[in-house]
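Single-structure report; data block below.
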There are 4 protein chains.
Amino acid sequence: MAPHKAPDSSRRSDRSRRAIYDAALALVGESGYRRTTIEGIAARAGVGKQTIYRWWPSKAAVLMEAFLDLAARAAEEAASQTGGTGGQAGGTDPQAGAAEYGIPDTGDLAADLKLVLRATVDELNDPLMEAPTRALTAEGIVDAKLGAEFVEKLLDPQLALYVTRLRAAQEAGQLRSDADPRIALELLIAPLTHRWLLRTLPLTHAYADTIVDYALGGLAPRS
Amino acid sequence: MAPHKAPDSSRRSDRSRRAIYDAALALVGESGYRRTTIEGIAARAGVGKQTIYRWWPSKAAVLMEAFLDLAARAAEEAASQTGGTGGQAGGTDPQAGAAEYGIPDTGDLAADLKLVLRATVDELNDPLMEAPTRALTAEGIVDAKLGAEFVEKLLDPQLALYVTRLRAAQEAGQLRSDADPRIALELLIAPLTHRWLLRTLPLTHAYADTIVDYALGGLAPRS
Amino acid sequence: MAPHKAPDSSRRSDRSRRAIYDAALALVGESGYRRTTIEGIAARAGVGKQTIYRWWPSKAAVLMEAFLDLAARAAEEAASQTGGTGGQAGGTDPQAGAAEYGIPDTGDLAADLKLVLRATVDELNDPLMEAPTRALTAEGIVDAKLGAEFVEKLLDPQLALYVTRLRAAQEAGQLRSDADPRIALELLIAPLTHRWLLRTLPLTHAYADTIVDYALGGLAPRS
Amino acid sequence: MAPHKAPDSSRRSDRSRRAIYDAALALVGESGYRRTTIEGIAARAGVGKQTIYRWWPSKAAVLMEAFLDLAARAAEEAASQTGGTGGQAGGTDPQAGAAEYGIPDTGDLAADLKLVLRATVDELNDPLMEAPTRALTAEGIVDAKLGAEFVEKLLDPQLALYVTRLRAAQEAGQLRSDADPRIALELLIAPLTHRWLLRTLPLTHAYADTIVDYALGGLAPRS
DNA sequence: GAGTAAGCGAGACGGTACGTCGTGTCTTATC
DNA sequence: GATAAGACACGACGTACCGTCTCGCTTACTC
């Protein structure tokens, strides 16, 4: 393998890094991922191309970091506004973003899930987030390495919140005790993702509600 | 607007078309979609570049058609082996591919679904199909037009089979009468797609079975 | 060796070739050879970079050809004006340029040489020719391959004219019969080249005359 | 204008300076002037790039100084071996190098010139000196400022020796009294330089001898 | 059966972006 | 305060493909 002598990150220019994040997100939003080029990002950020190639292996990696940074900043901002500790998740990890404040636990599982899934629907339908999220997801589907990073850094932290909430529901007797929360959560999340990614049918609050109802109640007739 | 004078498809070279299909699929399988180029396909197919540009608007479109052709040929072959009449779907449409023969109806909904979903799992895990399917899906996620074509030509025909089977189940009293089959099906299909696309966790027969059980039985405890 | 599959020169675009010549000469004249870039030439010529890289191995090679072409066109023009028959040199070879019409032979060797050398002085002092000629010469000094081409295509044809004239002088008894014309000519030419290349002292008509006198008469006192 | 605040040369690191000379000469010898880079010199010399930029304006200037230093060291060595005062040139100027010991004066002008010109031929043919000398000369041809420096520091001191010897010859009646020594010398030197720079024909001792004979005796037949 | 028009293999063309290299400036830490 | 190290903005390098174009050639269809 290429040793490639890693650059000295202590001397890295923060100014350039942030400018690159901004430029990358802006360009992807404006022109789409395909038409966004590294040269374009560099030009827009007022940065030499080499500064990008020095710190990132690919355009996708730049976008990924920019995206993570965006989420982190959003979370920080949210934290400073609400004054802090949301739910059960420890507040120090900036990665998980807005979702880190956990899924509420009012005692009514169905209601709590609908609340969260409706929020997810809104987020997915947000035109600002759409372009970069789609780009990143699509890239991850084709590039296994990037996909793994995407899952690890963005998806898994969010899914963990569901696991937590579902376990609590199990203890409260609102979820079958023999159900695997990790799989149960997929029954809830996957249909939304499916519609969003493949654009088969519109993704609405009503749909989210229906999914919760079907998943909890089951498709088979209750005897 | 120049109407672009559509070429006379009656004079089209079938030999070239097939060679392009083969080259496209082979190259995507070998080097990935990204590294596959139109020039590369033309060279491998022993074809002029213009012959590709004449008939297809994009690399993705070439791959899409190659893929549809592959599915059609596979279906044809399957048909000639089983002697023909599949399920309820009329056998003349080559598009729907292998799935067109329908979901069996033995009277046991759960068993039938598990059978079909296990087959889907196998198909998704088939390394031959993996690269082009992923490439096409990813492209469709970013390019709405292509995505629509993908859904219309490949996905919808398959989903229609589920709708048919689920409606039958409803009439047989094995599915809640108030359930929308189009949504119910997503509860079953989406988790598989989710795992496959995002590679979160392994996609196995056991997982398919569990999904069927959870979806039919519901996550909430039976009273 | 790299096979490199030579391009099909019969399909070459003449328009592009000439545009490249013009751009190269103009840029070298305006900004100097150093600051002239292949990208710049391509842009100025309205040509893709690859069109340059396809046909020439280096910037120097482009300039060399442009220069030869310039000389050829100048010669052609001169020919069409004077109506043709120059001196003893056959008029069909476009390479040698203006010099091909030979060195006059009035019977007075010294006068003839002074005439020609004064013309050479003027040519070397012509600011239009200066930049590209210097660039080419300098490049040839460092790059032996290019230098050989320079000598073969530009210098040797001119020197041959001197050989011819000096041989005639020998027969006329105006040049020592034991003198090698090829070497004799260097005594005449080299001092001019020397001053021009190294810029030691100004290069004037008087200097040319003096060189002829010294070379013919010898530096030693006549007994 | 920023006067560029000249650095304090008293604090300059001699160690670095010499390392840079060595690296520059070595690299030019190994890879040619073109492929030699300032970064490469710095790396090879174990020196920061800034140390080069602080003290020299260009790559050519570095090489020029390195070359002068080389000549000076060679002269010093020669001096310490022969025990000292060579000819008429005062021994304190290190610039002129080996040539400073002057052109011998045995009374036989032709023999003395042949001796010196043969030595020059050998020096020009020395493969060690060839690369840097060619590089420097070529650079000077294109860059007038550098060329002037080259002439002033390297060429003129050597030519002055010829002037001295030729004047002596004039006084001894071996050179026409009306001949300008500065021009006469060019008749002798320029042909050698010409062959070496342009590589038209091989540069040999015999050639040097012939040049002396032709130049002294003249090309015209002696009456 | 000759004439003609389309598709075809081939590949040159004007371009855009790639990823790398070197420039000359600047900053940081060391001596 | 000069130095070794090296990040930075910049710009050119030479390459790979893009999508368009023009060449002869082959292959139907038309008259």
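The values are calculated or read from the model by the stated rules, or taken from the named source; none is laboratory data. Predicted model, so just to flag it, every value in this text is computed and none were measured. Backbone-built Cβ (ideal geometry, glycine too); neighbour counts: all protein chains shown.
The figures follow:
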{"read-out": "Residue match in the stretch D:144-160 (condition: at the interface with another protein chain (Cβ under 7 Å from one of its Cβ atoms), over 13 Å from the mean Cα position of the chain (by Cα), buried (at least 19 other Cβ atoms within 10 Å of the Cβ) and outside any loop (DSSP other than H, G, I, E, B))", "value": "no"}
{"read-out": "Test: residue A:26 is more than 9 Å from DNA strand E (Cβ to nearest atom), touching a residue at least 24 places away in the same chain (Cβ under 8 Å) and not assigned by TED's automatic domain parsing to the domain that holds residue A:132", "value": "no"}
{"read-out": "Set C:190, C:169, C:220, C:179: member being within 10 Å of chain D (Cβ to nearest Cβ), more than 17 Å from residue C:120 (Cα to Cα) and not in a loop (DSSP other than H, G, I, E, B)", "value": "C:169"}
{"read-out": "Failed condition for residue C:208, given (1) within 20 Å of residue C:118 (Cβ to Cβ); (2) at the interface with chain D (Cβ under 8 Å from one of its Cβ atoms); (3) among the aliphatic types (A, V, I, L, M)", "value": "(2)"}
{"read-out": "Among the residues listed as B:182, B:165, B:118, the single one being farther than 21 Å from residue A:141 by Cα and in contact with a His (Cβ under 6 Å, 6 or more places away or on another chain)", "value": "B:118"}
{"read-out": "Matching entry among A:137, A:164 (being among the hydroxyl-bearing types (Ser, Thr, Tyr), surrounded by fewer than 21 Cβ atoms within 10 Å (Cβ to Cβ) and in a helix (DSSP H, G or I))", "value": "A:164"}
{"read-out": "Candidates D:202, D:127, filtered to the one that is surrounded by fewer than 19 Cβ atoms within 10 Å (Cβ to Cβ), under 17 Å from the mean Cα position of the chain (by Cα) and away from every other protein chain (no Cβ under 11 Å)", "value": "D:127"}
{"read-out": "Complete set of residues in the stretch C:19-34 that are out of contact with any Asp or Glu (no Cβ under 8 Å at 6 or more places or on another chain), modelled with pLDDT of 95 or more and not hydrophobic (A, V, I, L, M, F, W, C)", "value": "C:22"}
{"read-out": "Count of residues meeting criterion [at pLDDT 95 or above and among the small types (Gly, Ala, Ser)] in the stretch D:97-118", "value": "2"}
{"read-out": "Helices (runs of 4 or more DSSP H) enclosed by the stretch C:1-72 - at least 2 residues per element that are among the β-branched types (Val, Ile, Thr), surrounded by 14 or more Cβ atoms within 10 Å (Cβ to Cβ) and within 9 Å of DNA strand F (Cβ to nearest atom)", "value": "C:38-45"}
